[in-house]
1. Examine region 133-141 for a residue that is in contact with a helix residue (DSSP H, G or I) (Cβ under 9 Å, 6 or more places away or on another chain) and of a type in the set (Asp, Glu), and state whether such a residue exists.
2. Can you pull out every residue in region 138-162 that is within 13 Å of Thr187 (Cα to Cα) and either touching a strand residue (DSSP E or B) at 6+ places or on another chain (Cβ under 9 Å) or among the polar types (S, T, N, Q) (or both)?
3. What's the total number of residues in region 55-75 that are more than 24 Å from Ile114 (Cα to Cα) and either among the aliphatic types (A, V, I, L, M) or outside any loop (DSSP other than H, G, I, E, B) (or both)?
4. For Ala78, indicate whether it is part of a loop (DSSP other than H, G, I, E, B), touching a Gly at 6+ places or on another chain (Cβ under 6 Å), modelled with pLDDT of 95 or more and among the small types (Gly, Ala, Ser).
5. If you scan region 97-115, which residues turn out to be among the small types (Gly, Ala, Ser) and either assigned to a loop (DSSP other than H, G, I, E, B) or touching a Phe, Trp or Tyr at 6+ places or on another chain (Cβ under 7 Å) (or both)?
6. Could you tell me whether any residue of region 101-116 is crowded, with 22+ Cβ neighbours inside 10 Å, among the acidic types (Asp, Glu) and out of contact with any Ser or Thr (no Cβ under 9 Å at 6 or more places or on another chain)?
7. Got a sec? Which of Ser192, Ser160 is small (Gly, Ala, Ser) and closer than 15 Å to Val209 by Cα?
Amino acid sequence: MLLDMNLVPVYEEFKFTGKGIRVAIIDDGLEYTHDDLKDNYDEEISINLNWNKKDPMPRYEDPTNTHGTRCAGEIAMAANNTKCGVGVAYNAKVGGIVLLDGKTDDEMEARALINANSLVDIYSGSWGPKDDGLMVDGPGVMAQMAFEIGATKGRNGRGSIYVFASGNGRILFDNCASDGYVGNIHTVAISSVTMDGRAPEYAERCAAVIATAYSGGLDNGYVRYQ
């Protein structure tokens, strides 16, 4: 039996569709010209830190630079545009902060975490220490300061929200308690569940996890309708 996220009543009764919310995806880029994203793209909160420019368009010379766009789609794909998907917060605005398309350091992470912090409501991150079951690491001094500034002073004093994925290393016996981004007091850690309610093979576990959201197993977890 497939699980129901029970989103339709939230849309219909409470009108929570993401309207008025601005989300920044800290990742490898954002294909903002995509039909599903172009109407919800937020240029004002976007930046490319790896290439020192404003444009967050993915550099597809590296074919792996697709993750940020996929994350943005899950959040803010437009509704009722005759395409095949819809974002969970389909009226939200989404921007891209490019951090993972090249070498990064503590200063770059800090800049990403407070980019446009008076404007961004939610920052989304799916990165951290290597998920190899061996690494114990977390934010550097500057990144930790950025977390604190954003969480206490972002959104004009209301505090920005930092959402981080719990990690993909369980197959290698990794535990997200070893991840200082997931376990950070200023972040909301999210794990994953498959469409039938099981923990994916890769999903790391630890006490820092606040909630779970849909993802896929090693088969990608696609639901096909007949």
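1. Step one: list which residues in region 133-141 are in contact with a helix residue (DSSP H, G or I) (Cβ under 9 Å, 6 or more places away or on another chain), which gives 133-141.
After this cut, where a residue has to be of a type in the set (Asp, Glu) as well, the list is 137.
Checked region 133-141: at least one residue is in contact with a helix residue (DSSP H, G or I) (Cβ under 9 Å, 6 or more places away or on another chain) and of a type in the set (Asp, Glu).
2. Within region 138-162, Gly138, Gln144, Phe147, Gly150, Ala151, Thr152, Ser160, Ile161, Tyr162 meet the criteria.
3. First pass over region 55-75, keeping only residues more than 24 Å from Ile114 (Cα to Cα): 60-64.
Going one step further and asking which of them are either among the aliphatic types (A, V, I, L, M) or outside any loop (DSSP other than H, G, I, E, B) (or both), we end up with none.
Total satisfying the criteria: 0.
4. Numbers: part of a loop (DSSP other than H, G, I, E, B): yes; touching a Gly at 6+ places or on another chain (Cβ under 6 Å): no; modelled with pLDDT of 95 or more: yes; among the small types (Gly, Ala, Ser): yes.
No; evaluated as a whole, the condition is false for this residue.
5. If we filter region 97-115 for residues that are among the small types (Gly, Ala, Ser), which is where we start, we get 102, 110, 112.
Gly102, the sole residue that qualifies.
6. yes
7. Values: Ser160 fails: closer than 15 Å to Val209 by Cα.
Going through Ser192, Ser160 in turn, the sole match is Ser192.
To keep it simple, each residue is scored yes or no on (1) more than 18 Å from the chain's Cα centre (by Cα); (2) surrounded by 11 or more Cβ atoms within 10 Å (Cβ to Cβ); (3) part of a strand (DSSP E or B).
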| site | (1), (2), (3) |
| --- | --- |
| Asp4 | yes, no, no |
| Val10 | yes, yes, no |
| Glu13 | yes, no, no |
| Glu31 | no, yes, no |
| Asp36 | no, yes, no |
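The values are calculated or read from the model by the stated rules, or taken from the named source; none is laboratory data. Fair warning: this is a prediction, and the values are worked out from it, not measured in the lab. Here the Cβ is made from the backbone with ideal geometry for all residues, glycine too, and neighbour counts use every protein chain on show.
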